[in-house]
Amino acid sequence: MAKIINSNEFQNNVLNSDGAILVDFFAEWCGPCKMVAPVLEELSTEMEGKARIFKVDVDKSGDLAERYGISGVPTLIIFKYGKEVDKIVGFQPKETLKAKLQQYSN
């Protein structure tokens, strides 16, 4: 399951972490965010041990949204060893997201 993290948890869970991490910057009121949520849950299970997925609520963690230039939600950012390596804006099919994650999880 993709865990919702806040600004305080972001450092440990994302920036100080090894491997590939996908962060879903979302908002509760966002329709496409609700569409991508079950896709991310499936990916979280399928990619277990290879990549991790976290969610950040932009309304509750505005500092992170600002730091990463989030202007629209959902925005998915893939981090590898704490560095941003890819950014995907808007809803994407599961196959697309899985291929991106696999690209960075090796």
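The values are calculated or read from the model by the stated rules, or taken from the named source; none is laboratory data. Just so we're clear, the structure is a prediction, and the values are computed from it rather than from any experiment. When we count neighbours, we look across all protein chains shown, and the Cβ atoms used for this are built from the backbone with ideal geometry, even at glycine. Please note that ligands, DNA and RNA were not included when accessible areas were found on the heavy atoms of the full protein model with its side chains. Shrake-Rupley method; radii C 1.70, N 1.55, O 1.52, S 1.80 Å.
Tell me, what is the percent relative contact order of the chain, built from C-alpha pairs under 8 Å that lie six or more residues apart? Could the numbers behind the result be given before it?
Working: 176 pairs, mean separation 40.9, N = 106.
Across the chain, relative contact order equals 39 percent.
Add -39500 (n - 2.57) for each DSSP H run of 4 or more in the chain, then divide by its residues: what number comes out at 222 nm, to the nearest 500 deg cm²/dmol?
Details: 4 runs with 37 residues, N = 106.
Using -39500 (n - 2.57) per qualifying helix, the result is -10000 deg cm²/dmol.
Tally Lys and Arg at +1 and Asp and Glu at -1 over the other residues with C-beta under 14 Å from the C-beta of CYS30: what net charge comes out?
Values: positive: LYS34, LYS55, LYS60; negative: ASP24, GLU28, ASP57, ASP59.
Taking every Cβ under 14 Å from that of CYS30, the sum is -1.
Please give the per residue accessible area of the stretch 3-105, computed with a probe of 1.4 Å over protein heavy atoms only, in Å².
Details: 5210 Å² over 103 residues.
Per-residue value: 51 Å².
Using 24 Å as the Cα-Cα cut-off, could you pick out the over-long pairs in LYS55/LYS80; LYS60/LYS94; LYS3/LYS50; LYS60/LYS100?
On the way: LYS55/LYS80 16 Å; LYS60/LYS94 26 Å; LYS3/LYS50 16 Å; LYS60/LYS100 27 Å.
Going by Cα-Cα distance, LYS60/LYS94; LYS60/LYS100 fall outside the 24 Å limit.
Across the chain, what fraction of all alpha-carbon pairs, as a whole percent, falls in each successive 10 Å bin from zero upward?
16, 56, 28, 1
Leaving out ligands, DNA and RNA, and with a 1.4 Å probe, what % of the accessible surface on the chain is carbon or sulfur? Present the calculation step by step, with values, prior to reporting the outcome.
Values: 2760 of 5540 Å².
Carbon plus sulfur share of accessible area: 50 percent.
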